Amino acid sequence: MTTPPAPANAPTIDELEAQERRLVLPHFTHDDAWTLGTLLVELARERHAPVAIDIRRAGQQLFHAALPGSTPDNDAWIDRKRRVVERYGCSSLLVGSRFRAKGTTFEDASRLDLDVYAAHGGAFPIAVEGAGVIGAVVVSGLPQVKDHALVAEALERFITG
């Protein structure tokens, strides 16, 4: 079986790893979750993106929004992608990319239940200086590279103010 190619316009593993090192937060409070979530909603509305957005810290849902055009399936994708971040401690797009770089796929080689985990872009770790990964911010509804890019853009804006 041949390994599927990386999704179109996907960042490289090096780019994804550098992005994760750069997007580390000094803290992450309930208010921060609200600010980041509403920023994601604003960006998605500007683009007429039919997405659902979810932010969790330590297992607690701090923010959720479902924009017009999103469906209950997006919530299921959110859960599956978020579990990849929780298990691997890095973005769901990076996990999928690492499997492809080994000549296989997450689906073929992870040995995880694919009804529970999905290494598709859109889930990004919430990492805090001195604490590591404490949660995840997830978008679902666009092609996976665009889901990932939307989250990364919001985190970049959130950090730089």
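The values are calculated or read from the model by the stated rules, or taken from the named source; none is laboratory data. A quick note: this is a predicted structure, and the numbers were derived from the prediction, not measured. Every residue, glycine as well, gets a Cβ built from its backbone with ideal geometry; the counts of neighbours run over all protein chains shown. Remember, those area values only see protein heavy atoms, side chains included, never the ligands or the DNA or RNA. Shrake-Rupley method; radii C 1.70, N 1.55, O 1.52, S 1.80 Å.
Bins of 5 Å, beginning at zero and ending with the bin holding the largest distance: percent of Cα pairs per bin for the chain, please.
Answer for the chain: a P(r) of 2, 10, 20, 24, 21, 14, 7, 2, 0, 0 percent.
Going by the alpha-carbon gyration tensor, a ≥ b ≥ c the square roots of its eigenvalues, is region 25-83 rounded (a/c under 1.5) or, if a/c is not under 1.5, prolate (a/b greater than b/c) versus oblate? Walk me through the intermediate numbers first.
Details: a/c = 2.56, a/b = 1.26, b/c = 2.03.
Judged from the Cα gyration tensor, region 25-83 comes out oblate (a/c at least 1.5, b/c at or above a/b).
What do you get for the angle between helix 72-88 and the principal long axis of the chain? Use alpha-carbon atoms, 0 to 90 degrees, nearest ten.
Value to nearest ten degrees: 80.
Could you give the accessible area per residue of region 76-161, probe 1.4 Å, as a whole number in Å²? Let's see the in-between values first.
Values: 3620 Å² over 86 residues.
Per-residue value: 42 Å².
What's the carbon and sulfur percent of the chain's accessible surface, probe 1.4 angstrom, rounded to a whole number?
Of all accessible area on the chain, carbon and sulfur atoms account for 51 percent.
Starting from the Cα-Cα distance between residue 159 and residue 64, subtract it from 0.36 nm times their residue separation and give me the gain in nm to one decimal. Intermediate results must be reported in sequence, preceding the final value.
On the way: separation 95, 0.36 × 95 = 34.20 nm, distance 2.01 nm.
Working it through step by step, the gained length comes to 32.2 nm.
Using the Karplus equation 6.51 cos²θ - 1.76 cosθ + 1.60 (θ = phi - 60°), what ³J(HN,Hα) coupling, rounded to whole Hz, does each residue of region 129-136 give in order, writing x for Gly and Pro?
With the stated coefficients, region 129-136 comes to 3, x, 10, x, 6, 10, x, 8 Hz.
Fully extended, how many nm does the chain gain between residue 101 and residue 131 (0.36 nm per residue separation, minus their Cα-Cα distance)? Could you put the intermediate results ahead of the total?
Values: separation 30, 0.36 × 30 = 10.80 nm, distance 2.89 nm.
The span from residue 101 to residue 131 would gain 7.9 nm if fully extended.
Through the Karplus equation 6.51 cos²θ - 1.76 cosθ + 1.60, θ set to phi - 60°, convert the phi angles of region 98-113 into ³J(HN,Hα) values in whole Hz; use x for Gly and Pro.
5, 5, 4, 5, 8, x, 9, 10, 4, 4, 7, 10, 6, 6, 9, 5
Find, among the trypsin sites (Lys or Arg not before Pro) in region 77-161, those assigned to loop by DSSP (not H, G, I, E, B) with at most 14 other beta-carbon atoms within 10 angstrom. Please list the in-between numbers first.
Numbers: sites: 80, 81, 82, 83, 87, 98, 100, 102, 111, 146, 157; in loops: 102, 111.
Those that pass, being in a loop and sparsely packed, are 102, 111.
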